[in-house]
Each structure stands twice: as C-alpha cells, then as structure tokens.
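Below is one structure; the comments refer to it alone.
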Amino acid sequence: MKQVMMALALGGMVCACDQKQADNVNPFMTEFQTPYGTPDFNNIKLEHYEPAFLKGIEQQNEEIKAIVENPAKPTFENTIVALDNSGEILSRVAGVFYALTEADTNDGLMALEEKMAPVLSTHNDNIYLNMDLYQRVAAVHDQEANGEIQLTTEQHYLLDKYYKRFVSSGASLDAESQEKLREINSKLSTLSIEFGNHVLAENNAFKLVIDNEADLAGLPESVIAGAATEAKANGMEGKWLFTLQASSRTPFLQYAQNRELRKKMYLAYTNMGNNGDANDNKEVLKQILTLRLEKAKLMGFDNYAQYVLQDNMAKTPENVMSFLNELWKYSIKNAKVEAAELQKIMDKEGKGEKLEAWDWWYYAEKLRQEKYNLNEDEIKPYFSLEDVRSGLFYVVNKLYGITLTKVDSISVYNKDVETFIVNDADGSYLGVFYSDFMPRASKRSGAWMSNFREQKEGVRPIIYNVGSFTKPVGDVPSLLSIDEARTMFHEFGHALHGMLSQCKYYGVSGTSVARDFVELPSQIMEHWTVAPEVMKVYAKHYQTREAISDELIAKIENQALFNSGFMTTELLAAAILDMELHLLTSTEELDVMAYEKQVMDKLGLIPQIAPRYRATYFNHIIGGYAAGYYAYLWAERLDADAFSAFEEKGLFDQATATAFRKNILEKGGSDDPMKLYVTFRGQEPSIEPMLKNRGLK
C-alpha cells in the first residue's frame, strides 16, 4: 500500500512537472512572443487549447475572487475595470480557437469544441450568477444613479453594460431559478454546436458530379473550368463537380440549362438539415427554441424576442415587426411583378413550363441580358480578387488616410490567409488585418469579421475577415461577382469598426455595440463598391489591364435595382421567420417546418421564393442573430441615410468622412447609438434613401 501511495505521489509529481513544462511552451499562457502580438500559429498545436482554456478559467476565477474579496468599498476602478480586464488567457485562447472552428476546423477541434462548451458555459454562469460580484457591480451602479460618483460617458456605458448583463444573465433570480438557468445555458451551448456541425456536414456532403458534357450547356467557361478543377481535387479527373458553396451553387443556378439539375442543386441547398438523417436539425432547433423560451420566461418575459431586444435600438418585437411588415408590402408587390416577367420569358420558349423556385436565378439572368445587355461573365474579368481588394484599400485610404501593407512574416492558420499591417495617415500603428477568402471543406459558408485581440487603451486590435469567394482556376485568378465584391467591402466595414476603435475599455470597444447598429459600418462600405469613380480606379481587366469602360459602368448602374423585389423579399422572409420563431410562447406542439410554412403562407410569400435561410440551416439565429436577423434591414435605414451625406457632399468629402470616423467608427459602444448617429448626421435617419436604394418606392 505504501509503495502504491509513493507511486501515486511520484506520478503526481511527474504530472505537475509535465504541466509546468507544458505551461512554459504553451503559446497561449503568455502574450504571443511575436512582433505584433499576433497568434503564433507556427507553434500552436491542438493539445495546447484545452490546458489553456482550463488555465484561463483558473486565472479568471482568481481575478473574480480578488474583486469580490477586496475589503475596499466597490468603485468603478476596483470592480468594473477589474472585471473588464479579467480573463486575459481565456480571451487569447478563445479568440484563436473559435476563429479556427469557424474557418479551418477538423475532427480534433470539433470534438474539443463539444467538450469545452458546457465547461465554458458553467464558467460564464459562475461569473454572472456570482451574487457577491453582482452586489459590487450593483453598488457602483447605485452610486452613479444616486449622484455619488460622476462618470464619463464611456464609463457610464461600460457600467451599464455590465450591470444589465448580470441582470439579463439571471443574477437577481432565486437560487432554484438560477440552477435551472445553468442547466438551460449548458444544454444550449452544446445544441448550438451540434446545429452548426450538421449544417457544415450537409454542405460538404452534397456533390453534384457531372460526367456528361452536354449537362454543362449554358455554363460559362470559367464556371466549367472551376468545376473541373474541383473534380480533379476530389479524385474525379475528367468530370465536373459542383457543390453547395455559394461560389459554385449560384452560377450553376444562374446559367445551367439542365432544369432537372438546377432543381437537384436548389433542393439540396434548401433542404439542408431537413433530410431525416444524422444531420437533421429539426429536433435540434426545436430543443433550442424550447430552451430559449424557458430562459426568457425565467427572466420574466413572454417570449425570447422580448428578452433579446431589450438592449437593441429597436427595443421591442412590436417595433421590429412593424418595420418589417411595412417593407414587406412594397417588396412582395415588386417580387410578383418580377415573377410575371420571368414567366413571360418561359412562355416564349413554348415548353408550357411554370416558373419554379429553381428557375428564378436562371431566367432572371436571361432577363438581365435581355433588359440591360449585361451578364456577370462580362463583368467578372474586371473584378479579380486582387483588384477589388486594391480598390477597397484605395477607398479607405481616401476616406480615412489609412494604409494596409502586405507582410509575409506573420504566421497564419492556413495557406490561403494573407496578412497586412495597418497604419494611420500620420504613420502610427493601428493594428493587423488578416484576410481569408477561399472556400474549403473546413470552413463554414458565409462571410464574417472577428478579432484575435480587441482594442482598448494602449492595445491595438488584431482583426480578420473570412469569406468563400470564387477560386482561381489555372492561370485565371479569382474573379468575383458584383455580390462577392460587395461582400468584401461589407466585411471590411466591420473590420474598420474594430480597427479604428479608440475606446478606453475592452467592453465597449470596436463592434461591441447593439446588434441592430453593428451593420451600419459594414453596409455603408458596400456603396463604394460600384461607385463609378471608384470602379474607374480599380476595375481593370485581369489580362489586358484595361480599365472598365464607361459603357460597362453604365450597364452596371442601369441594372442596380434589377431583381430587387426578389432579393428584398427573401431577406425579409428570413427576418420575419426568425422573429416568429422567437415570438413563440409555446413549443409543445411545434413542427419546425410546418410552422415555417404557416408563417410564409400567412405572409403571402409566393412559392417561387424561399426565405434566404430556411429554419434548419439558419446559422445566424443559432449564433448572435437570434431575434436579430432584422438588423441588416434596420441598419440599412441608417447606412442609406448616412451614405446620402456623402452623395450630397462628395464620395470622399473629408469633413463627412472624419465625422463618420470620429462619431461612429472610433466610438464603439461608448455612447447611445442613436446619439452617435445624430451627432454624425445632424438628424435621425430617414427611411426614404433605403426605399429608393431598394426600388421599393
């Protein structure tokens, strides 16, 4: 027995030594030892994540304990600032880990994500359900409310944010309710991962393999070449492979003459997560909605939408639905007119076919060519990824004076990733920017911005943009569609929000703003993408280097509102579906797909259009946009009105650009969003520019 005890003791010593050695070499345990503090991807390994997460939790627990046990009276500095600065290791490892689980995942990362989800959920609850910590935060909140302390505007909003987060996290609930809340949060953390993994698996599982060249009829040569390259990469040389990635799916639906294959592609996409197999999301989503509703009711709300919207600009579900329904009246009317136009083209073909959802893109492309003598194959040679990015960098330099310089010395997580040093007009350092724009099986679909490190006083941010654009093929570079170009500008707008932030505290810096305000900086950037004077600078033929012609620019401008009824309607349908799912007051008899149909039928959505995202692959509402997908349209009212200020005074008017930078981009969440907007614009936003831009009025 004594020998066993000694062996265990020695084993413990070995483990302790190994742990100490691991801490010494684990790159997450200290600031990254790199020139700009960027993640040390050359030395980060899978086995580093879990120990760093656990060490980070331990560190933050000690920091929270120190705040709670501080014998001094609670103050803004010793409580709110101390809380804001806590969890350094955890922030560092989480920033890298979740970037990779979204953009370059693998089996090991996915398994660890599932393992850590309930652990991190518990840790978060341990902070925000810590009554002693809550009482200190509430004490500072009361001090300000009673006029005992005077805070700056930024300090007020940081305090307000933490106080509300404790309250909305259940700090004021009784012990039994708090325990129930912990259970709900833990289950939600794992269900959300399960939902996302199912969507990724479904996306990767579908492969439309074509071995008969006749089935490629109508497709542009560039699309065919891309499909051949994709097939070869998957061991199917001599065939053509199309996937559900937008850069493959969309051109196939636009150009493929084979109607049955278009139908196959469309149905595969719109039925992701709805196939009754291992990746089916119907029951997963029902469980998520049920748990969210339970959580909302525990917090004293009738539904989850009420719970979410209390801190957004919209404030209430009624305000959101009123806004969406007002837009719907215009959009569905336009969509029906467009559907009738497409049916006329089909009628001319004399096949007796009726317009179906999988026909829309194909006949819309025909109509575009008929009306405007323009197709995207004509445009793409002028929109290489490199040229579009050069145009983007030109725009932000003209607006804000910033420069981005490509560097190859910063380590990256995937060979597709490129890195840039960002400097201000006076040469001062602003941060590091990563771009990751190529599709791959390890990356979820869509496009997004996030950061490896957030900004605060004395700390500059490390930002990244991710997308899945058209791949280069052979000697042909990545040639973007107009939509892809807009997406690049859009995501860099988010990057600017993080990059130009000049806040004192982490908690309110950069994109830490209300969900329905965060899309303003991104969506306003889209307006410069196809501005004629901007295209003349960057849109150059990738072979001849000839600048885009005035004639082609005029065609692009003329068709700006083309198909806008469809695009607005599918977006609105998704936003309304999201709201209706989170307005439910009971999920007992919920059949997710039947309910989706019921909502769409009630709206009067025509069968040729589906919501932009159907319920079983609606990743946005599983992530941060639950009862919040409306934010894109809500923010569009702001961005359209804001851009009209540039139109009035000049696209690169320095006074307007400086006002936007100082009052929006630099401020983060350090003040009321509408106040920030009015300070920039001089008035609250009008909806008229938005209606005009979408051709709704």
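Quick rundown of the values:
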item: Residue that is farthest from Glu202 (Cα to Cα) [pool: residues in region 587-641 that are part of a helix (DSSP H, G or I) and of a type in the set (Ser, Thr, Tyr)]; result: Tyr632
item: Which numbered condition Ala631 misses (of (1) under 17 Å from the mean Cα position of the chain (by Cα); (2) surrounded by fewer than 18 Cβ atoms within 10 Å (Cβ to Cβ)); result: (2)
item: Qualifying residue in region 222-234 (condition: in contact (Cβ under 8 Å) with a residue 24 or more places away in the chain and part of a loop (DSSP other than H, G, I, E, B)); result: yes
item: Per-region count, region 140-150, residues open to solvent by 40 Å² or more (accessible area, probe 1.4 Å) and either assigned to a helix (DSSP H, G or I) or under 12 Å from Ser670 (Cα atoms) (or both); result: 4
item: Unmet requirement for Lys667, which otherwise passes all of (1) over 28 Å from Leu500 (Cβ atoms); (2) crowded, with 18+ Cβ neighbours inside 10 Å; result: (1)
item: Residue check, Lys504 in contact with a strand residue (DSSP E or B) (Cβ under 7 Å, 6 or more places away or on another chain), basic (Lys, Arg) and outside any helix (DSSP H, G or I); result: yes
item: Residue in region 315-336 that is farther than 30 Å from Glu260 by Cβ and outside any helix (DSSP H, G or I) present; result: yes
item: Tabulated pairs, region 240-260, first closer than 19 Å to Ile482 by Cα, second in a strand (DSSP E or B), C-beta under 6 angstrom, 6+ apart or interchain; result: Ser248/Phe242; Phe252/Phe242
item: Tabulated pairs, region 60-72, first more than 18 Å from Ala139 (Cβ to Cβ), second open to solvent by less than 50 Å² (accessible area, probe 1.4 Å) and not aliphatic (A, V, I, L, M), C-beta under 6 angstrom, 6+ apart or interchain; result: Gln60/Ser86; Gln60/Gly87; Glu63/Ser86
item: Residues that are closer than 22 Å to Phe393 by Cα and either open to solvent by 50 Å² or more (accessible area, probe 1.4 Å) or hydrophobic (A, V, I, L, M, F, W, C) (or both), drawn from region 454-468; result: Glu454, Ile462, Ile463, Val466
item: Test: residue in region 418-435 that is part of a loop (DSSP other than H, G, I, E, B) and crowded, with 18+ Cβ neighbours inside 10 Å; result: no
item: Residue under evaluation Ala514, criteria (1) closer than 21 Å to Leu158 by Cα; (2) open to solvent by less than 10 Å² (accessible area, probe 1.4 Å); (3) hydrophobic (A, V, I, L, M, F, W, C); (4) within 17 Å of the chain's Cα centre (by Cα), criterion not met; result: (2)
item: In region 458-491, the residues that are in a loop (DSSP other than H, G, I, E, B) and either closer than 14 Å to Ser435 by Cβ or among the basic types (Lys, Arg) (or both); result: Arg460, Gly467, Ser468, Phe469, Lys471, Ser478, Leu480
item: Among the residues listed as Glu647, Glu684, the single one being free of Cβ contacts under 8 Å to residues at least 12 places away in the same chain and in a loop (DSSP other than H, G, I, E, B); result: Glu684
item: Unmet criterion (only one of (1) within 21 Å of the chain's Cα centre (by Cα); (2) of a type outside the set (Asp, Glu); (3) part of a helix (DSSP H, G or I)) for Ile553; result: (1)
item: Candidate set from region 1-56 (those that are at pLDDT below 50 and basic (Lys, Arg)); member that is surrounded by the fewest Cβ atoms within 10 Å (Cβ to Cβ); result: Lys2
item: Meets criteria (under 27 Å from the mean Cα position of the chain (by Cα), over 30 Å from Ile482 (Cα atoms) and surrounded by fewer than 21 Cβ atoms within 10 Å (Cβ to Cβ)) for Thr270; result: no
item: Val209, sole failed condition from (1) outside any helix (DSSP H, G or I); (2) over 29 Å from Met272 (Cβ atoms); result: (2)
item: Selection status of Arg545, in a loop (DSSP other than H, G, I, E, B), open to solvent by 20 Å² or more (accessible area, probe 1.4 Å) and modelled with pLDDT under 95; result: no
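The values are calculated or read from the model by the stated rules, or taken from the named source; none is laboratory data. Because the structure is a prediction, the values reported are computed rather than measured. Cβ atoms come from the backbone with ideal geometry, glycine included; neighbour counts cover every protein chain shown. Only protein heavy atoms, including side chains, enter the accessible area calculation; ligands, DNA and RNA are left aside. Shrake-Rupley method; radii C 1.70, N 1.55, O 1.52, S 1.80 Å.
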